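The values are calculated or read from the model by the stated rules, or taken from the named source; none is laboratory data. Just so it is clear, the structure is predicted and the values come from calculations on it, not from any experiment. Cβ atoms come from the backbone with ideal geometry, glycine included; neighbour counts cover every protein chain shown.
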Amino acid sequence: MATQAKYSFHTEPFPQEERPRRFLEAFAAVLQHSNYGPVLDYYTRVSAKCSRCTATCPVYQASGDPRDIPCHRTELLLAVYRRYFTFSGQLKARLYDSSRLTDAAIDEMAEEFWRCTACKRCKSSCPMGLDHAMITHLARWIMAEIGIVPKALLVSVREQLEGRTHNTSAIPVSAMTDTCEFLEEELQELFPGHPITFPIDVPEADYVFFPAVSDYLLEADTLMGNAAVLYAIGAKWTIGTGNFDGINYGLFYSDRMWERIIRAQVAEIKRLGGKVMLIGECGHASRSAKEGMQCFIPPEERVPVLNIMELTHAAFKAGTLRLNPGVIAERTTYHDPCNIASNGWIVDQPRELLRHICADFVEMTPRGTDNYCCGGGGGSVSIDEIKRFRMYIGGKTKAEQVRATGAKYVVTPCANCKKQMGELLDEHKVDCTRIGLHDLLLKAIELGPLPAGEGTTDKGPAEQRPEVEGA
C-alpha cells in the first residue's frame, strides 16, 4: 500500500458546503488578475492522458499509486476549468446537467496537489509540453485563497510578512548580528591577519546579501565560505537589518504571497541603495527572486538577481579567486536543486569548481537538468507531518542515487535540499554527509599573504571584480 501523506491544513471557519462556491470565486479572481487563462485554454484542448510522465516522476515511481501520475493530477484542475470557465463546458452543463464541483473534490485536490514535489521532470516527457508543476502551483494558489494551506507554510509566511522579525525562522536582528560576530572570530582563526567581516547596513553596496535565513542557525561553514569568497574577490557587499531572509515560500503556493515577499526584499535593497540582489546558495530563494523580479516588479524598479555560486564561479574563471586544486580528498558528488537546475540556469558552474578542488569528484546518474528531486521540493520539506512520505516516496530515488556514487560528501546547495538530504541520508543509513559548496570552498580558498595597507572588506578594485552575466 502506498504511503499516505496526511497534512495539517489551516482552514477558514466557513461551512464546507460553501467551499465549492468559494473555490470557483477564487479561481475566477485568479484568472482575472493573472495570465494563467491562455495557458489553461491551451491545456484543456490538448490535455494528454497518455501517462508518459510516469517514466520521469520519482513520486509515482516510488508509490505506484495512480493518483501520483502527473497528468491525472493536472486533470483534476483542468476539469474544473473546462466545466466552469469555457463556453463549451458551460453549454454542456446546461444541456446535460454535467457533474458539479463538490467539497469532496476539493479535499481530493488538497491531498494530491501537495504530493507533488514540483520538480518539473514530467514536463520533459510530456508529448504536448504540459507543465504539470505549474498546474500544481496554480491549484495550491486557488486553495490558499480559500484558506487551505499547510499550517507550517502559513506560519512561516505570516511571520515573514507581518511578524516582528520579518523572516521565516523568526530570528531577531540581534541574533543575526551576534551570529555574524561569532563567525568573524572563527574566520580570524582560519585566516589570521585577514579581516573577513560580515558588513551590516553598508550603504551603496554592490551586493545586498540574502541567504536563506536558516543558514544563520544551521549553516555556519556555508556563511563563512560565502564571506571568505566575497572578501577574496574584493566585493563591496552588505547584509540589511530591515530584511535579511532570501526565503520566499510564496513560490510554493501563492503568487500573491510571492509578490508581497519579493517586493519587501526589493524595498530593502532600495533602502540601502544596493545594486544587485545576491542570493546565497539556496535554490528556491534564487528562483523565487529571479522569476519574481520579472513577474512582479516593474521594469524601472528591478535589480539584477545573482546566486552566489554564479559570482564565485565567475571570479574563479576571471582569476580573482584562487582555489587550491585537489584539496578535498574524499569522494564527492553534487545534487542539483530543481529550482536552479531544471531550467539549465545553474548546472555546470558548481561542477567546475568541484572538479578543481576535489581529487575524486563523481556524478550521479541522471544529473543536471534531468537529476532527481531530493524529495522535499515544492515546500513539502517544511511539512513535518509528512516526513515518512518525504523519506520513502518523494526521496527514495534520491537516496538510492547518492548511495550508488559511494561518495563521502554530497554537495547540496539549497537550504530546503539540505534539510531533506540530511534527514534522508540518516533515514536510509547512507554513509554520506550533505554539505554546502562554500563549505568545501572554505577549505580550498587561497588568500595568500596580506598586502601592506590592506584591511578592508567592503570594497576592492572595480577593474578586478568578475563580470557575471545579468549582474
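Please go through region 151-205 and pick out each residue that is more than 20 Å from Met224 (Cα to Cα) and part of a helix (DSSP H, G or I).
Passing the criteria: Lys151, Ala152, Leu153, Leu154, Val155, Ser156, Val157, Arg158, Glu159, Gln160, Leu161, Glu162.
When the residues of region 1-20 are narrowed to those that are modelled with pLDDT under 95 and in a helix (DSSP H, G or I), which ends up farthest from Tyr84 (Cα to Cα)? Step through it out loud before you land on a result.
First, the residues of region 1-20 that are modelled with pLDDT under 95: 1-19.
Filter again for in a helix (DSSP H, G or I), leaving 16-19.
Numbers: Gln16: 20, Glu17: 18, Glu18: 16, Arg19: 15 Å.
Only one residue fits best here, namely Gln16.
Tell me which residues, restricted to region 408-427, are over 18 Å from Asp360 (Cα atoms) and in contact with a Phe, Trp or Tyr (Cβ under 9 Å, 6 or more places away or on another chain). Break it down into steps so the answer makes sense when it comes.
Our first condition is that a residue be over 18 Å from Asp360 (Cα atoms); within region 408-427, this holds for 413-427.
Scanning region 408-427 gives Pro413, Glu427.
Does Gly147 satisfy being surrounded by fewer than 16 Cβ atoms within 10 Å (Cβ to Cβ) and either under 30 Å from Asn243 (Cα atoms) or touching a helix residue (DSSP H, G or I) at 6+ places or on another chain (Cβ under 7 Å) (or both)? Before you say what the answer is, go through the steps one by one.
Details: surrounded by fewer than 16 Cβ atoms within 10 Å (Cβ to Cβ): no; either under 30 Å from Asn243 (Cα atoms) or touching a helix residue (DSSP H, G or I) at 6+ places or on another chain (Cβ under 7 Å) (or both): yes.
Against the criterion (surrounded by fewer than 16 Cβ atoms within 10 Å (Cβ to Cβ) and either under 30 Å from Asn243 (Cα atoms) or touching a helix residue (DSSP H, G or I) at 6+ places or on another chain (Cβ under 7 Å) (or both)), Gly147 does not qualify.
Any residue at all in region 356-370 that is more than 24 Å from Ala289 (Cα to Cα), among the hydroxyl-bearing types (Ser, Thr, Tyr), in contact (Cβ under 8 Å) with a residue 12 or more places away in the chain and surrounded by fewer than 14 Cβ atoms within 10 Å (Cβ to Cβ)?
yes
Answer with yes or no whether Arg302 is free of Cβ contacts under 8 Å to residues at least 60 places away in the same chain, under 23 Å from the mean Cα position of the chain (by Cα) and over 29 Å from Gln420 (Cα atoms).
Numbers: free of Cβ contacts under 8 Å to residues at least 60 places away in the same chain: yes; under 23 Å from the mean Cα position of the chain (by Cα): yes; over 29 Å from Gln420 (Cα atoms): yes.
When the stated conditions are applied, Arg302 passes them.
Mind checking which residues of region 47-57 are assigned to a loop (DSSP other than H, G, I, E, B) and among the hydroxyl-bearing types (Ser, Thr, Tyr)? Spell out the reasoning first.
So in region 47-57, the residues assigned to a loop (DSSP other than H, G, I, E, B) come out as 47-51, 56-57.
Ser47, Ser51, Thr56 - these are the residues of region 47-57 that are assigned to a loop (DSSP other than H, G, I, E, B) and among the hydroxyl-bearing types (Ser, Thr, Tyr).
For every residue, the table says whether it meets (1) more than 18 Å from Arg21 (Cβ to Cβ); (2) free of Cβ contacts under 8 Å to residues at least 12 places away in the same chain; (3) of a type in the set (Asp, Glu).
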{"site": "Thr44", "(1), (2), (3)": "yes, no, no"}
{"site": "Pro70", "(1), (2), (3)": "yes, no, no"}
{"site": "Thr86", "(1), (2), (3)": "yes, no, no"}
{"site": "Met109", "(1), (2), (3)": "no, no, no"}
{"site": "Trp114", "(1), (2), (3)": "yes, no, no"}
{"site": "Gly129", "(1), (2), (3)": "yes, yes, no"}
{"site": "Glu145", "(1), (2), (3)": "no, no, yes"}
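Please specify each residue of region 58-107 satisfying the condition of being surrounded by 17 or more Cβ atoms within 10 Å (Cβ to Cβ) and not in a helix (DSSP H, G or I).
Correct list: Asp65, Ile69, Leu101.
Can you confirm whether Tyr42 is hydroxyl-bearing (Ser, Thr, Tyr) and buried (at least 17 other Cβ atoms within 10 Å of the Cβ)? Don't jump to the end; show me each part of the working.
Numbers: hydroxyl-bearing (Ser, Thr, Tyr): yes; buried (at least 17 other Cβ atoms within 10 Å of the Cβ): no.
When the stated conditions are applied, Tyr42 does not pass them.
So which residues in region 245-257 are in contact with a helix residue (DSSP H, G or I) (Cβ under 6 Å, 6 or more places away or on another chain), in a helix (DSSP H, G or I) and buried (at least 24 other Cβ atoms within 10 Å of the Cβ), if there are any at all?
Gly250, Leu251, Tyr253
Please go through region 120-145 and give me each residue that is out of contact with any Leu (no Cβ under 9 Å at 6 or more places or on another chain) and either in the same structural domain as Arg367 (by TED's automatic domain parsing) or assigned to a helix (DSSP H, G or I) (or both), ordered by number.
Listed by number, the residues that qualify are Arg121, Ser124, Ser125, His132, Ala133, Met134, Arg140, Trp141, Met143, Glu145.
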